[in-house]
Amino acid sequence: MDTGPNDFFRVYDMDGNELWKHEISGTHEVKMELSYDNRFVAIKMPEYWVYPNKTDPYHSTRKENKLYLFDIAKRILVSEEDYTP
């Protein structure tokens, strides 16, 4: 996780190549799980904030229980879903 006024959560492969970047702020307790064949990674974010309006730095939206699934080999986001904790 980067730090600063516009934070980013980044996912990298084992070679240090950036797979995904998501602009967020204030996340914690992020959980990552790999598939048995190491092809997919699931990222669960129980709570974080986004700033949808770039012109108003004080306007933020709270997001909860988001799950992001990545195909590591293809370097793409497969799905963005809500999950039940």
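Only the coordinates and a few stated rules stand behind these numbers; no lab work does. Please read all numbers here as calculations on a predicted model, not as lab measurements. Note: ideal-geometry Cβ built from the backbone for every residue, glycine included; neighbour counts use all protein chains shown.
Observations, loosely collected:
- Note on F40 and S60: the model spin-label points, each 7 Å out from Cα along the C-beta direction, lie 3.1 nm apart.
- Histogram of C-alpha separations across segment 8-82, 5 Å bin width, %: 3, 15, 24, 24, 16, 10, 5, 2, 0
- Length released on extending from I76 to K21, taking residue separation times 0.36 nm less the Cα-Cα span: 18.7 nm
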